[in-house]
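Below is one structure; the comments refer to it alone.
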Amino acid sequence: MNTAPITLEASTFLLQWSTGGMLLGWVTTRRREVSLGYGWMLRLTYGPLAAGAVIAGFLYGSNLVRDAASALVAVAIGVAFVSSVARKSAGVSGAQKEFDRRSERVAAMTGIDRATTRTAAGREFHPILDLVPAMIGVVGLIAAGLAAASDGFLTDTLSVGRLLVGSLFLGAVTNAMLLGHWYLVQPGLPRKHLNELVDLLGKVWPFEVLVLIAPTGMVSVLNGSIDDGWGGVLGWFWVTCALTTIVLVVVTKAALRERQYSAVMAATGLLYLAILTSFGTDLVARAILDAAVSTSAI
């Protein structure tokens, strides 16, 4: 039996989270329908996480490529934030068109005219700036994955795959929860944006589970080949988190099919729970398996 101490590199995790968050943020902002404030919230969330990854790297173990990527991610997010604020007067074209469409519909049904939005001044913020830090972050995650397991192609690929898939997984559930709250600020926002993130979370879930059970994976924890240090309890906790996450995804999608506005708030509450179970799915497994893979590489 191999004993795997519970370890997790904070710098890698923070880079993983910020990379996935910005990538999934771009998925939403690229449509130019969500107001600028949502993008500001994401950048003010993930920028400090990327900066924290740099600090954690210096304090708890440095990897040159990963830490350089983390620093560049933080800078790129800052550039995107400054650009968005500087161009706030232009608004977002998609949101303006949606407002005008709704106004025309109300006028056609009631005969009451509503003022349409003013013409935007200057160029609006380009969502591609949200994609830049995500692409830089991918380079850092690949470097971190290769450094964690240098014992052949399959082990290296699995290590990198866990980081990249986990990044999407954590980014999807976090952004879905944040976007659900944003409907309080922008109640006319179409539900397709939240549905898109929830759908992506459901689609990424099988891959997340697959890379975590692939040898050496959580199956080895469940059958006792790897000692989790808790008599197998953490292995079954991981199973519970993984299954609960996909159940919450299904229930959230069902809630969003309801027509009432309160359905969005109900879905947001379910996503709160999904964050807990999703992080349990990724972090519990990584904390055990990263140590096991590193041990096997020695």
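The values are calculated or read from the model by the stated rules, or taken from the named source; none is laboratory data. From a predicted model like this one, the values you see are computed outputs, not experimental measurements. Quick reminder, even Gly has a Cβ in these numbers, built from the backbone with ideal geometry, and neighbours come from all protein chains shown. The accessibility values were calculated without ligands, DNA or RNA, using every heavy atom of the protein model including side chains. Shrake-Rupley method; radii C 1.70, N 1.55, O 1.52, S 1.80 Å.
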Scanning segment 184-200 for residues that are in a helix (DSSP H, G or I) and more than 16 Å from the chain's Cα centre (by Cα) gives K192
Expected single match for assigned to a helix (DSSP H, G or I), at negative phi and buried (at least 24 other Cβ atoms within 10 Å of the Cβ) among G57, G47, G78, G52 is G57
Exception for L201 within (1) touching a Leu at 6+ places or on another chain (Cβ under 7 Å); (2) under 20 Å from Y38 (Cα atoms) falls at (1)
The residue from F237, F207 that alone is among the aromatic types (F, W, Y), more than 21 Å from the chain's Cα centre (by Cα), modelled with pLDDT of 90 or more and within 28 Å of A144 (Cβ to Cβ) is F237
Across (1) among the basic types (K, R); (2) crowded, with 24+ Cβ neighbours inside 10 Å; (3) at pLDDT 95 or above, R162 clears everything bar (3)
| message | Taking the conditions exactly as written (of a type in the set (V, I, T), touching a Lys or Arg at 6+ places or on another chain (Cβ under 8 Å) and either farther than 23 Å from G25 by Cβ or touching a residue at least 12 places away in the same chain (Cβ under 8 Å) (or both)), does V219 satisfy them or not? | response | no
Filter segment 60-75 for residues that are in contact (Cβ under 8 Å) with a residue 60 or more places away in the chain and within 22 Å of R30 (Cβ to Cβ); the one that is least open to solvent (accessible area, probe 1.4 Å) is V73
K192 fails exactly one of (1) open to solvent by 30 Å² or more (accessible area, probe 1.4 Å); (2) more than 19 Å from Y38 (Cα to Cα); (3) free of Cβ contacts under 8 Å to residues at least 40 places away in the same chain, namely (2)
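Listed here are the residues, each with its yes/no results for (1) crowded, with 23+ Cβ neighbours inside 10 Å; (2) within 28 Å of T268 (Cβ to Cβ); (3) over 18 Å from the mean Cα position of the chain (by Cα).
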| residue | (1), (2), (3) |
| --- | --- |
| G137 | yes, yes, no |
| G140 | yes, no, no |
| A147 | no, no, yes |
| L154 | no, no, yes |
| G166 | yes, yes, no |
| A176 | yes, yes, no |
